[in-house]
1. Every residue in the range 1-33 that is aliphatic (A, V, I, L, M) and surrounded by 10 or more Cβ atoms within 10 Å (Cβ to Cβ), please.
2. Cβ contacts < 9 Å: first residue of a type outside the set (A, V, I, L, M, F, W, C), restricted to the range 5-33; second residue loosely packed, with under 10 Cβ neighbours inside 10 Å, any location; separation 6+ or different chain. Result?
3. Applying the selection to the range 45-77, what residues are polar (S, T, N, Q) and at pLDDT 95 or above?
Amino acid sequence: MSTASKVVLGLSVVLTLSTVAGVHLKQTWDRQRLHEGVVRDLERLQRRKENLKLLEEQRSLTRQLEEERERRRAEQS
């Protein structure tokens, strides 16, 4: 085997191994990003539920306040 063919074979092996390693690392990175996206979505949904609950509480309190104001107006009249 000549020196040139050994160099070409060595470069081919190195490039193949680095390509396989690069693809593996990219897949791992992509999988991690997808998982983080799911976690963020779950957190966003939880915050939305909390916000809706707070909004409903505020609506209820507003209704109570308006009813109380109406009662006071009726008592003053």
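1. 7, 8, 9, 11, 13, 14, 15, 17, 20, 21, 23, 25
2. If the second residue must be loosely packed, with under 10 Cβ neighbours inside 10 Å, no pairs are left.
3. Hits for the range 45-77 are 46, 51, 58, 60, 62, 64.
The values are calculated or read from the model by the stated rules, or taken from the named source; none is laboratory data. Keep in mind it's a predicted model, so treat the numbers as computed, not measured. Virtual Cβ from ideal backbone geometry, glycine too; neighbours counted across all protein chains shown.
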